[in-house]
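First the structure, in the form of structure tokens, and then the observations on it.
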Amino acid sequence: MKKQKIAPFPSRRQSDALHRAKRGPFRPIAANAGSGDTVRWPAFIIITAALCTALFLAIFLSGGPAATSAAVGQDPLEGSFGICFGPDRYTCVVDGDTIWFEGRKIRIADINTPEISKPGCASEERLGQRAKMRLQALLNEGSFSLQSIDRDQDQYGRDLRIITRNGESLGEILVAEGLAERWQGYRRNWC
């Protein structure tokens, strides 16, 4: 058995590249190198610098790279909200300040609305039903965002979030319409 000698350059192309490198500085060669269209270093550097400068100015003068939906304030979430009935709840409204969204139970953190499950009086239940229906309508009007607060969940395991659309709290809309109050840390009697 004869040992094969390993050549330092296994291919002719690599060998030619080494010989070119020994002869002098590298010069990028155009695809049709035989026609005399060789691009020399000074021209290559000038062209590259001009292209980079033009690209930088185009981005800088246009206001920067394209913004994402979060950066321009577009709301990323949408759902078709119904009214919650029975044990199977996925995307629905429980009452004026509690919803289910994609299987998560969410308490609207910035408001308190009248109770409908255990109201103190008939007028509280009526106002609570109006708040629930209005919240459903607001949620179904378009996309929205869920903003976290200092606590992630309440003592009942509900996610605490503020629901906004175009930077405006949907809870504040309910407050302005007299269907809710700003959350003060406790529930009040609506009777």
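For segment 129-158, give me each residue that is charged (D, E, K, R), free of Cβ contacts under 8 Å to residues at least 60 places away in the same chain and not in a helix (DSSP H, G or I). Hits for segment 129-158 are E141, D150, R151, D152, D154.
Every test in (1) in contact (Cβ under 8 Å) with a residue 12 or more places away in the chain; (2) assigned to a loop (DSSP other than H, G, I, E, B); (3) within 29 Å of Y186 (Cβ to Cβ); (4) charged (D, E, K, R) is passed by D75 save one, and that test is (3).
Which residues, taken from segment 74-114, are small (G, A, S), under 18 Å from R134 (Cβ atoms) and either surrounded by fewer than 20 Cβ atoms within 10 Å (Cβ to Cβ) or outside the structural domain of Q129 (by TED's automatic domain parsing) (or both)? Hits for segment 74-114 are G79, S80, G82.
Once segment 57-79 is narrowed to residues that are at pLDDT 70 or above and under 20 Å from the mean Cα position of the chain (by Cα), the residue that is farthest from R107 (Cα to Cα) is Q74.
Within segment 159-173, is even one residue under 17 Å from I83 (Cα atoms), touching a residue at least 60 places away in the same chain (Cβ under 8 Å) and in a helix (DSSP H, G or I)?
no
Looking at segment 107-128, I want the residues that are farther than 17 Å from E177 by Cα and have a partner that is hydroxyl-bearing (S, T, Y) with Cβ atoms under 7 Å, at least 6 apart or on another chain. Which pairs are those? Pairs found: R107/T98. In segment 141-167, which residues are among the charged types (D, E, K, R) and over 23 Å from G185 (Cβ atoms)? E141, R165 - these are the residues of segment 141-167 that are among the charged types (D, E, K, R) and over 23 Å from G185 (Cβ atoms). Count of segment 102-127 residues, restricted to those that are of a type outside the set (D, E, K, R), out of contact with any Gly (no Cβ under 6 Å at 6 or more places or on another chain) and outside any loop (DSSP other than H, G, I, E, B), is 5.
The values are calculated or read from the model by the stated rules, or taken from the named source; none is laboratory data. Treat the numbers as computed from the prediction; the structure is a model and nothing was measured. Using ideal geometry, Cβ is built from the backbone for each residue, glycine included, and neighbour counts are taken over all protein chains shown.
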